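Below: one structure, written as structure tokens.
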Amino acid sequence: MAAASTGPYRRERSLALRNSSSALYNNLAVLCPPARPPAFGAVHGTILSLLGREGPPRQLQARGGASAPSTPLLTQMYDSDGSTMVFWHALDVPEHSAGTSFGAVLVFDIPPKGTNVMLNEDGAGDLVTADDSGTLCLWSTGEEFTLLGQIPGSGCTCSSVTLWNGIVAAGYGNGQIRLWEAGSGRICAQVSAHARWIYALDLAPLTGKHCHLHGVPTVHPFPPQLLSGAEDSFVHVWKLSRNPDTDDIEIQHCHAECVTDTQVCGARFCDPAGDTFAVTGYDLSEILCYGPA
């Protein structure tokens with residue numbers, strides 16, 4: 001498939017899928033275990049295609065709900081190669097769920113080792129959620145899963161959202177990316193990123209994150225990088241920053257990638273520094289991988 005790019009990335013390889021990818025928001029998962037090649041997953045209907053650089057690809061069939069309405073819907077978790085289901089959780093509400101459609105937020109405690117996954121009834125971690133009206137809900141850290149506040153929507157669906165250092169990055173159906181201040185709900189920046197509906201948004205795992213260096217709190221040296229993909233066949237990489245003089249949030253475009261005649265439905269960084277990323281597209285039977293030019 002033909003592709004055009006500008007900037008610091010280039011097409012490296014493609015990974016064949018047994019099935020094409022469905023037109024679902026953020027339809028690409030990337031697992032980046034330390035010192036091991038990444039594993040990739042994409043959904044087609046009720047089937048998850050799981051593959052990596054090692055071993056044969058696997059197809060995992062969803063259990064419950066999809067083919068039998070009387071059976072409960074399940075959240076299922078597998079080990080990194082898909083060979084073993086390590087945890088499942090039945091949803092109480094008998095309706096189709098993709099997140100969940102009935103408004104509940106489920107939080108799971110996943111240990112570094114072992115399979116003792118548990119549903120956390122109290123919640124954990126700072127979190128932002130979105131809905132079809134574009135409303136953003138901000139949740140606090142603590143013993144209880146508490147709603148901090150809401151940023152009202154404008155009637156345009158917020159399809160993808162992520163959180164960075166108190167800033168909410170949200171992608172919308174009108175192709176815009178908006179940056180909001182989580183505490184006040186103030187809009188910090190807005191860019192017309194795509195010509196059509198945004199389907200995927202991702203933040204490089206380590207970029208711009210607070211960490212400890214020799215015991216001293218600091219910010220990771222990599223600049224914060226945001227990845228967006230949309231129906232317009234384009235994938236963009238953006239850099240987020242704070243103006244040292246005004247403390248305003250700024251967004252800068254640094255890369256464009258066109259996957260010709262493809263409705264991009266999944267885009268994820270494949271390493272903590274954001275040096276590589278992968279892309280899926282609706283009805284595309286491969287995962288496209290990009291690396292440094």
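The values are calculated or read from the model by the stated rules, or taken from the named source; none is laboratory data. Worth saying up front: this structure is predicted, and the values here are computed from it rather than measured. Here Cβ is always computed from backbone atoms with ideal geometry, including for glycine, and neighbour counts include all displayed protein chains. Note: areas computed on protein heavy atoms with side chains; ligands, DNA, RNA excluded. Shrake-Rupley method; radii C 1.70, N 1.55, O 1.52, S 1.80 Å.
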- [ ] Read phi for every residue in region 155-160 and hand back ³J(HN,Hα) as whole Hz from Karplus 6.51 cos²θ - 1.76 cosθ + 1.60, θ = phi - 60°, with x for Gly and Pro.
- [x] x, 9, 4, 9, 8, 8
- [ ] Would you check the accessible area of Leu51, probe 1.4 Å, heavy atoms only, in square angstrom rounded to 10?
- [x] 20 Å²
TODO: Kindly write out, for region 277-293 in residue order, the coupling ³J(HN,Hα) from the Karplus curve 6.51 cos²θ - 1.76 cosθ + 1.60 (θ = phi - 60°), rounded to whole Hz, with x marking Gly and Pro.
DONE: 8, 10, 9, 10, x, 4, 6, 9, 8, 7, 10, 9, 10, 10, x, x, 6
TODO: Can you send over the solvent-accessible area of His44, 1.4 Å probe, protein chains only, in Å² to the nearest 10?
DONE: 70 Å²
Open item on the list: If amide hydrogens are placed 1.01 Å from N in the peptide plane, which non-local residues have theirs closer than 5 Å to the one on Ala182?
Closed with: Ile167, Val168
Task: Charge tally in the Cβ shell below 12 Å around Leu17, where Lys, Arg are +1 and Asp, Glu are -1, Leu17 excluded - done: 0
Task: At most 16 other Cβ within 10 Å, DSSP loop - trypsin sites (Lys or Arg not before Pro), region 144-208 - done: Arg186, Arg196
Task: Thr280 accessible area, assembled protein chains, probe 1.4 Å, Å² - done: 0 Å²
- [ ] For every other residue with a beta carbon closer than 9 angstrom to the beta carbon of Cys188, add +1 if it is Lys or Arg and -1 if Asp or Glu, then tell me the sum.
- [x] -1
